[in-house]
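Below is one structure, written out as structure tokens; comments come after it.
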Amino acid sequence: MLTNYVYKLRHNQTQSSKMSAWIDMLRSQYNWNLNDRITQYNQQFIQGDYCCIKTKAEASPLTCFVSKSGATGNPWKDSKFDKEGKARNPRRSAADIQITALPELKIARPWYAQIDATVLQQNVKRLDTAYKNFFDGRGFPKFKNRSNFTSFTYAMGVKIKGNKIYLPKLGWMRFYNSRSIPDGFTIKACTVRKRQNSWYVSVRIENTSVPDYSPKSLGSNPKVIGCDLGITKLVHLSDGYQIENPKFLTNKKAKRTLKIRQRRVSCKVKGSKKRKKAAIRVGRFYQKVSDKRQAYQWKTANKIVSRNVDVIAIEDLNISGMMRRCKAKSDGKTGRFLKNGQSRKKGLNRAISDASWGDLGLKIEYLAAKQGKIVIKVNPKHSSQECRSCGHIDKSNRDGEKFICLECGYHEHADIGAAKTIRDRALKIVRGDSAKLGVTNLNAQKISPRSTSKRGEFGNPSNRDIKNAIS
């Protein structure tokens, strides 16, 4: 069993200054390594075997700082032999080459010697993970700045005794022991993260003797509940229960407070200490809103998962697509831009961001996995426009929260009816009739420890586990 515990550190001024300096140096190392890989790719695959078009000289350490055959140096190492006497592949990856070059970095830049060696290595692996995500279909790795690079990771050497934690090269420091680590768990890794009010540490612990969570057997007649996400109400359940949306960032009081604090920042002189203090107050306000939202979502997820059901069906929403900007419209004669509704859509985008449907879905998956329940993501296409009586689909069937079928006159609450439709689609999937539905991504997905917000435990069962539970 693998899980994460998050604590707030009680550091002194010296330790805080040292960790802030580490963040700046690690960000510089990350950006340099990323630029090194990009330059190596351009020289090797775009420019070909030549570093300079005029001289046609091959890329080498004498003509440029990147080797032709590797990311930062010689990609070949001495061949090793396995037990059977066969030679292993001596070629190294870009991450191995950059990790091997760390001693040279400490000689050229002596101030990097104050950072723990495992922290520097994990920083290179962090870039390698970003490249793997890119090859899996995500975006290309970007250069980091102060706003999106605020953490570093230890791989070993961390110790915990009571309410004190030892971090290599930083020493012992106290932390708020909100929940003690259970007996039998060992520390696998540790991530230190800077937030607006303090530093936090996320400790990854593991106990191989504790079995992983496994889904329960569904049987022939499983109980399914459907969830429809919204803005007026955060969640509508298929049994008629509705959960309120407090709108922590978009309510009247929060918008006024944010407006005042942002105005105070703009009134201060750029680069002054007072402007930095005012900006910190804005950041702390955002953090307070985020903490409230996290706490409320955990309570909401508990309400949904604690119900007497076997399967939980949620919407598979393309949130980034819903928040995408409207396409620009221009007049063919004058060339001027026409109104495209983006000013009105801006408020809707803020409401969607404040609801944070994606994080809520991850929390539901996490809690459902702990109780052995299955979460199925269903395509919500036309779920609120389809009549549950005759099956007629029309955009005019829905008027706000009212649903009245223009074909047969059937009427009910639009969002609760959509939740029932999602429940029925999930029930067909469980019974093996998913081929009749034109929907995708319907099976439960396994979530990684990184995607479970504050609780880094593994996620929902895989597709194989679902098939085993159904059979």
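The values are calculated or read from the model by the stated rules, or taken from the named source; none is laboratory data. Not measured: the values here are computed from a predicted model. Cβ: placed from backbone, ideal geometry, glycine included. Neighbour counts: every protein chain shown.
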Query raised in the report: Quick one: which helices (runs of 4 or more DSSP H) sit completely within the stretch 93-148 and have at least 2 residues that are buried (at least 18 other Cβ atoms within 10 Å of the Cβ), in contact with a helix residue (DSSP H, G or I) (Cβ under 7 Å, 6 or more places away or on another chain) and small (Gly, Ala, Ser)?
Result: 94-100
Requested in this report: Please find, among Leu317, Leu360, the residue that is surrounded by 14 or more Cβ atoms within 10 Å (Cβ to Cβ), assigned to a loop (DSSP other than H, G, I, E, B), out of contact with any Lys or Arg (no Cβ under 8 Å at 6 or more places or on another chain) and in contact (Cβ under 8 Å) with a residue 12 or more places away in the chain.
Outcome: Leu317
Query raised in the report: Taking Tyr213, is it exposed (fewer than 14 other Cβ atoms within 10 Å of the Cβ) and among the hydroxyl-bearing types (Ser, Thr, Tyr)?
Result: no
Report summary line: Of the listed residues (Arg464, Arg450), the one being under 29 Å from Lys247 (Cβ atoms), modelled with pLDDT under 85, assigned to a helix (DSSP H, G or I) and not small (Gly, Ala, Ser) is Arg450
Query raised in the report: Do the conditions hold for Gly332, that is, is it assigned to a loop (DSSP other than H, G, I, E, B) and either within 30 Å of Pro211 (Cβ to Cβ) or in the same structural domain as Lys428 (by TED's automatic domain parsing) (or both)?
Result: yes
Query - Meets criteria (touching a helix residue (DSSP H, G or I) at 6+ places or on another chain (Cβ under 6 Å), farther than 18 Å from Leu360 by Cβ and among the β-branched types (Val, Ile, Thr)) for Val224 - result: yes
Query raised in the report: Would the stretch 284-292 turn up any residue that is part of a loop (DSSP other than H, G, I, E, B) and in contact with a helix residue (DSSP H, G or I) (Cβ under 7 Å, 6 or more places away or on another chain)?
Result: no
Requested in this report: Would you be able to say whether some residue in the stretch 406-427 is among the hydrophobic types (A, V, I, L, M, F, W, C) and without any contact (Cβ under 8 Å) to a residue 12 or more places away in the chain?
Outcome: no
Query - Failed condition for Ala155, given (1) free of Cβ contacts under 8 Å to residues at least 40 places away in the same chain; (2) over 27 Å from Ala369 (Cβ atoms) - result: (2)
**Report entry** Qualifying residue in the stretch 134-143 (condition: of a type in the set (Lys, Arg), in the same structural domain as Asp183 (by TED's automatic domain parsing) and either closer than 21 Å to Tyr7 by Cα or more than 18 Å from the chain's Cα centre (by Cα) (or both))
**Finding:** no
Requested in this report: State all residues of the stretch 198-231 that are over 22 Å from Val158 (Cα atoms), among the aliphatic types (A, V, I, L, M) and either in a strand (DSSP E or B) or modelled with pLDDT of 90 or more (or both); if no residue qualifies, say none.
Outcome: Val224, Ile225, Leu229, Ile231
**Report entry** Which listed residue is at pLDDT 90 or above and in contact with a Cys (Cβ under 9 Å, 6 or more places away or on another chain), from Ile422, Ile416
**Finding:** Ile422
Query raised in the report: Any idea which of Lys270, Lys303 is among the charged types (D, E, K, R) and part of a loop (DSSP other than H, G, I, E, B)?
Result: Lys270
